[in-house]
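Here's the structure, in structure tokens; my notes come after.
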Amino acid sequence: MEETGQVVLCGANSYEQKYFFNPDFKMLPQSVQDELHIICVLFTEEAGGIFTILFEPDGGVTLETQAAEEDYLYDEVSAGLLLGEIRRKRKELLESLSLYYRAAVLKEDVGGLLEEE
């Protein structure tokens, strides 16, 4: 993922029954880390495959899902619906993560962005 400038925040893999959280972001509040863990694991429990939350080079947050070619149980329709539901229901969390990344990692002055809201 690094070649695109994307940075993985966290993800879950239904094939290996594993959750990954990037230790570079351990300064995020534990409650946020817990929420991300729940989102990732629930996604893979419901749709299967691999689910990741990434930061884009500009600080945007991307949700990605993929499945192994031989995974006939992976449900692309459910995965797409779940992605939409996460984007809607967790909009505030995703926006906060983007602001955090832009301030802490990209060293942008986000003060103006906070005043706009």
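The values are calculated or read from the model by the stated rules, or taken from the named source; none is laboratory data. If you're wondering where the values come from, they're calculated on a predicted model, not measured in any experiment. We place every Cβ from the backbone using ideal geometry, glycine too, and count neighbours over all the protein chains shown. Note: accessible area is taken over every heavy atom of the protein model, side chains too, but ligands, DNA and RNA are not part of it. Shrake-Rupley method; radii C 1.70, N 1.55, O 1.52, S 1.80 Å.
Things worth noting here:
- Approximating the spin labels as points 7 Å out from Cα along Cα→Cβ, the Gln66-to-Lys26 distance works out to 2.7 nm.
- Carbon + sulfur, % of accessible area of the chain - ligands and nucleic acids excluded, 1.4 Å: 52 percent
- Long-range HN-HN contacts of Leu9 with modeled amide H, under 5 Å: Ile53, Leu54, Phe55
- Inter-probe distance in nm under a simple model that places probes 7 Å from Cα toward Cβ, at Gln6 and Glu56: 1.1 nm
- Projecting the Cα atoms of Phe43, Gln17, Tyr100 onto the dipole axis of the chain, where Lys and Arg carry +1 and Asp and Glu carry -1 at the beta carbon, places Tyr100 farthest toward the positive end.
- Rg(Cα) / (2.2 N^0.38 Å) computed for the chain, rounded to two decimals: 1.10
- The residues of the stretch 1-94 expose, per residue, 61 Å² of accessible area to a 1.4 Å probe.
- Relative contact order %, the chain, counting alpha carbon pairs below 8 Å whose residues are six or more apart: 22 percent
- Spacing of the modelled spin labels on Arg88 and Glu46, each 7 Å from Cα toward Cβ, amounts to 1.1 nm.
- Loop sites here are chymotrypsin sites (Phe, Trp or Tyr not before Pro) outside DSSP states H, G, I, E and B with no more than 14 other Cβ atoms within 10 Å. The longest part of the chain free of them is 16-71.
- Max mean-square fluctuation residue, GNM over the chain, Cα-Cα springs under 10 Å, options Ala68, Ala103, Ala12: Ala68
- Longest DSSP-loop-exposure-free segment, trypsin sites (Lys or Arg not before Pro), the chain, at most 15 other Cβ within 10 Å: 27-106
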